[in-house]
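A short write-up of the structure that comes next.
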Amino acid sequence: MKESGGRLRSDKMPADGFGSMNLTDIKTTEGLSLLHRLQYVQPDDGNVKDRTLVKVRLPRPVKGGESITLNMEFEVELPKIFARMGTADDFVMAGQWFPKISVYEPTGARGRAEEGWNLHQYHGNSEFYADFGIYSVRIRVPENYIVAATGFPTKAAVIANGEKIYQFYADDVHDFAWAASPHFIAAEEAFSAPGIPGVRIKLYLDPVHKHLKDRYLDAAKAALAAYGKWFGSYPYSTLSIVVPPKAGNGAGGMEYPTLVTTFGAKDDSPGYELERTIIHEIGHQYFYGIVANNEFEEAWLDEAFTSYAEEKVMEQEYGVTSNTAAQAASIKSPAPLMQESWKFGSHEEYALNVYTRGKLVLQDLERQLGRQVMDNIMKTYAKRFRFKHPTTADFQRIVEQVTNKSWQSYFDHYVFGNSMADVAVEKIQTRNTGTADNPSYESVVTVVSKGGPVTGVPITFAFEDGKTSQKIWNGSHGKTSFKITYSSPLAWAMADPKYTIVLENKHINNYMKAGMDPKVVTRWNLGVTKLVETLFGSLSW
């Protein structure tokens with residue numbers, strides 16, 4: 001609550017909205033209670049009042065090759081929804097509703113020097129990290145409720161004594177979530193495609209949005225078909241989509257294994273944000289779900305990768321492209337992508353880096369390598385780390401193996417560092433080298449890179465007679481000069497006029513008019529930049 005300011009996105013914590021989780025017992029199979037052995041720990045910040053992480057000392061060590069079974073009993077008072085889970089009137093979203101076991105990592109896993117638990121408290125920005133497991137869950141609700149859940153029902157729901165009893169099963173998943181409402185309108189369709197051998201898409205709508213059923217389902221099919229082709233087969237038999245009621249908006253836009261939540265439409269004829277949210281959350285079935293990175297420590301590996309994939313589906317299926325220049329310009333505080341989620345300066349800084357800047361890094365790699373090579377990188381990464389817990393270093397190795405070259409400098413600047421690209425026209429010098437009968441002008445244009453490494457930078461030169469020419473700079477040495485001889489004086493020069501360098505967030509110095517004083521150039525460029533930003537803002541994604 002301190003870190004988030006009591007809000008997630010635009011949703012605020014309701015008055016008296018707090019919930020709680022209380023462990024009532026932890027027993028061995030022999031019946032020995034370990035409840036008195038609980039110890040709250042705070043490895044991230046030392047805040048002794050933080051009770052989100054607990055250590056339990058076992059009665060004896062568990063040696064290599066051995067196992068232990070623990071039975072936990074707990075009670076949960078669901079909060080009022082504002083961040084992912086809780087209740088809104090009679091709607092229930094049960095995410096993060098049970099005590100989750102931390103991941104025990106062997107030596108070498110995710111670069112560990114020694115085996116041990118991966119331990120973190122619950123933070124305002126952070127999402128989660130867990131091992132794959134098997135879940136068999138019985139859910140008892142009032143008899144008029146409909147339940148959506150991770151996995152698939154092993155038998156039909158049974159009604160007895162005013163209750164409805166569901167039984168769900170899921171394996172090879174690292175979380176389990178469910179939602180319930182007496183008002184759900186349920187729809188179900190079977191779907192198959194290359195990479196999707198057969199899945200039942202289940203849609204749970206609040207009644208207000210029943211007329212949009214086909215749009216939700218079509219978006220889900222488009223996403224599954226694309227991701228199955230690009231990232232490998234979808235290994236589960238179900239995919240559930242929950243559309244919360246308006247009062248439960250805080251539960252929308254979240255991913256769990258085989259279950260995603262989206263947002264209800266704000267009007268009867270919503271724009272493509274309806275499809276975009278579904279496509280994004282289904283992308284998480286791969287990047288977080290199947291390729292299960294540590295969201296505490298390397299959130300960009302799920303959010304940026306999913307945002308990158310989402311953009312490709314939106315363009316392919318709906319012809320919708322995002323304004324990457326405006327997105328880059330919005331990144332005022334670039335930060336290293338490879339850092340713990342709670343160490344970003346604010347939620348806005350977290351989101352702009354982890355989602356937007358990380359996605360732009362992947363788009364920039366595609367710009368440099370071409371679509372085919374980038375597709376190969378993404379497919380290789382997704383398949384090699386299927387049902388594993390990869391790291392940023394693992395992804396970098398895949399990039400280098402596929403391209404057969406080092407990308408260390410690139411990753412040092414844009415992933416491990418906080419660089420953005422910044423290409424500038426630094427100076428223009430023009431002199432008359434011709435005669436009245438044979439006019440000729442020689443111009444020297446100096447272009448510099450003031451940010452992270454760039455390559456393939458287009459430079460446009462415009463002359464007073466209306467002619468233009470273009471050259472490509474490979475970005476080498478961080479600075480270059482172009483000598484141009486032509487019969488008309490140079491009017492202006494501009495680096496990257498079409499904003500193809502997607503990681504550039506400062507366009508103020510890309511343009512220079514010949515013969516202008518540098519101070520005037522700066523003021524003039526600032527005016528142009530404001531105009532461009534205003535235009536981009538009106539076309540924002």
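Model label points for Thr430 and Ile472, set 7 angstrom from Cα along the Cα-to-Cβ axis, are 2.7 nm apart. For the chain, the longest principal axis of the alpha carbon atoms and the long axis of helix 273-283 meet at an angle near 70°.
What value does segment 1-127 have for Rg/Rh, both radii from Cα atoms and Rh as Kirkwood defines it? Taking Rh as the inverse mean 1/r over Cα pairs, Rg/Rh reads 1.01. What separates the Cα centres of segment 212-241 and segment 249-285 is a distance of 13 Å. Normalised Debye scattering of segment 182-304 at q = 0.12, 0.13, 0.15 Å⁻¹ gives log10 I(q)/I(0) of -0.42, -0.49, -0.65, counting only Cα atoms as equal scatterers and leaving out solvent.
FRET efficiency for the Val373 to Gln42 pair, using the beta carbon distance and R₀ = 35 Å, is estimated at 0.20.
Within segment 192-258, what whole-number % of the accessible surface is contributed by carbon and sulfur, with the 1.4 Å probe and all protein chains included in the calculation? Numbers along the way, then the final one.
Numbers: 1220 of 2170 Å².
Its accessible area is 56 percent carbon and sulfur atoms.
Short-range pairs are left out: with C-alpha atoms under 8 Å and at least six residues apart, the relative contact order of the chain is 10 percent. Solvent-accessible surface of the chain, taken per residue with a 1.4 Å probe and all protein chains present: 47 Å². The GluC sites (Glu not before Pro) of segment 441-510 that meet both conditions, a loop assignment by DSSP and at most 16 other Cβ atoms within 10 Å of the site Cβ, are Glu464. Between helix 371-384 and the chain, what is the angle of the helix's C-alpha long axis to the longest principal axis, kept within 0 to 90° and rounded to the nearest 10? Rounded to the nearest ten degrees, it is 30. A DSSP coil position with no more than 15 other Cβ atoms inside 10 Å describes the following chymotrypsin sites (Phe, Trp or Tyr not before Pro) in segment 289-390: Phe387.
Taking the C-alpha atoms only, the angle from helix 213-231 to the longest principal axis of the chain is near 70 degrees. Fully extending the segment from Arg9 to Val54 would add 13.4 nm, taking 0.36 nm per residue of separation and subtracting the current Cα-Cα distance. Short-range pairs are left out: with C-alpha atoms under 8 Å and at least six residues apart, the relative contact order of segment 183-330 is 18 percent. Taking label positions 7 Å along the Cα-Cβ direction at both Asp172 and Lys210, the computed distance is 3.7 nm, reported to one decimal.
Given Cα pairs under 8 Å that are at least 6 residues apart, what percent is the relative contact order of segment 105-244?
On the way: 232 pairs, mean separation 28.2, N = 140.
Over segment 105-244, the number comes to 20 percent.
Here the extension length gained between Leu35 and Ala190 equals 51.2 nm, from 0.36 nm per residue of separation less the Cα-Cα distance.
Run through segment 304-361 and list the GluC sites (Glu not before Pro) located in a DSSP loop whose Cβ has at most 16 other Cβ atoms within 10 Å.
On the way: sites: Glu310, Glu311, Glu315, Glu317, Glu340, Glu348, Glu349; in loops: Glu340.
Filter output for segment 304-361: Glu340.
Taking the alpha-carbon centroid of each part, what is the distance from segment 148-194 to segment 423-482 in angstrom? Here the two parts' Cα centres lie 63 Å apart.
When the accessible area of segment 286-399 is computed with all protein chains present and a 1.4 Å probe, what percentage of it is carbon and sulfur? Display every interim value, and only then the final one.
Working: 1700 of 3680 Å².
Of all accessible area on segment 286-399, carbon and sulfur atoms account for 46 percent.
Given a cut-off of 36 Å, what percent of all Cα-Cα pairs of the chain lie beyond it? Mind showing how you got there, number by number?
Values: 61267 of 146070 pairs.
Within the chain, distances greater than 36 Å cover 42 percent of Cα pairs.
If the cut-off is a Cα-Cα distance under 29 Å, which lysines reach Lys479, setting aside same-chain residues fewer than 8 apart in sequence? Answer for Lys479, where 29 Å is the Cα cut-off: Lys332, Lys359, Lys405, Lys427, Lys450, Lys467, Lys471, Lys498, Lys506, Lys513, Lys519, Lys530, listed by chain and number.
The amide H of Gly253, built 1.01 Å from its N in the peptide plane, has Thr261, Thr262, Phe263 as neighbours under 5 Å, considering only residues 5 or more places off or on other chains.
The values are calculated or read from the model by the stated rules, or taken from the named source; none is laboratory data. Computed from a prediction, not measured in an experiment: that's the story for all the values here. For neighbour counting, all protein chains shown are included, and Cβ atoms are generated from backbone atoms with ideal geometry for every residue, glycine included. These accessible areas exclude ligands, DNA and RNA; they are computed on the full protein's heavy atoms, side chains included. Shrake-Rupley method; radii C 1.70, N 1.55, O 1.52, S 1.80 Å.
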